[in-house]
């Protein structure tokens with residue numbers, strides 16, 4: 001049992017580092033996705049703000065009509081809806097990755113505690129380097 005714990009303790013830092021790298025990649029993807037959402041929403045809002053009717057008057061003269069138009073156009077814009085769905089999925093994956101990292105760190109701490117409780121023997125060096 002002690003040998004398995006020691007071997008696992010040796011493996012854990014690499015697993016934690018890999019999970020942390022995955023988390024960074026997910027966070028970068030989240031930011032890129034969020035930036036795309038903001039860009040598309042800005043374009044839609046700009047189009048709404050500059051829309052004119054046949055007589056040259058603003059098609060959406062107040063905040064309420066502009067908000068309603070924005071909500072309608074946003075729901076109809078497949079690209080924007082796709083980015084929003086992707087963003088939600090990325091947020092979930094990011095949270096799952098954080099949970100994995102927390103679990104691995106806890107496992108590492110618990111394994112160290114158990115090994116300290118059991119005491120290490122002279123063969124622990126052999127186990128670590130085999």
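Per-residue answers, yes or no, for (1) touching a helix residue (DSSP H, G or I) at 6+ places or on another chain (Cβ under 6 Å); (2) over 30 Å from residue 50 (Cα atoms); (3) in a helix (DSSP H, G or I); (4) modelled with pLDDT of 95 or more:
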position: 66; (1), (2), (3), (4): yes, no, yes, yes
position: 74; (1), (2), (3), (4): yes, no, yes, yes
position: 90; (1), (2), (3), (4): yes, yes, yes, yes
position: 100; (1), (2), (3), (4): yes, yes, yes, yes
position: 104; (1), (2), (3), (4): yes, yes, yes, yes
position: 109; (1), (2), (3), (4): no, yes, yes, yes
position: 121; (1), (2), (3), (4): no, yes, no, no
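Of the numbered conditions (1) within 17 Å of the chain's Cα centre (by Cα); (2) in contact (Cβ under 8 Å) with a residue 40 or more places away in the chain; (3) under 30 Å from residue 114 (Cα atoms), residue 12 fails exactly one; give the number of that condition.
Against the list (1) within 17 Å of the chain's Cα centre (by Cα); (2) in contact (Cβ under 8 Å) with a residue 40 or more places away in the chain; (3) under 30 Å from residue 114 (Cα atoms), residue 12 comes up short only on (1).
Suppose we filter the range 53-64 for residues that are surrounded by 10 or more Cβ atoms within 10 Å (Cβ to Cβ) and part of a loop (DSSP other than H, G, I, E, B); how many remain?
As a first pass, look at the range 53-64 and keep what is surrounded by 10 or more Cβ atoms within 10 Å (Cβ to Cβ): 53, 58-61.
Applying the additional criterion that residues be part of a loop (DSSP other than H, G, I, E, B) yields 53, 59-61.
Residues meeting the conditions: 4.
May I ask you to list pairs of residues, at least six apart or on different chains, whose Cβ atoms are under 9 Å apart, with the first in the range 105-120 being touching a residue at least 40 places away in the same chain (Cβ under 8 Å) and on the phi > 0 side of the Ramachandran plot and the second being surrounded by 13 or more Cβ atoms within 10 Å (Cβ to Cβ) and not in a helix (DSSP H, G or I)?
Between residues of the range 105-120 that are touching a residue at least 40 places away in the same chain (Cβ under 8 Å) and on the phi > 0 side of the Ramachandran plot and residues that are surrounded by 13 or more Cβ atoms within 10 Å (Cβ to Cβ) and not in a helix (DSSP H, G or I), there is no close pair.
The values are calculated or read from the model by the stated rules, or taken from the named source; none is laboratory data. The structure presented is a predicted model; accordingly, all values stated were derived computationally and were not measured. Note that we place each Cβ from the backbone using ideal geometry, even for glycine, and neighbour counts take in every protein chain shown.
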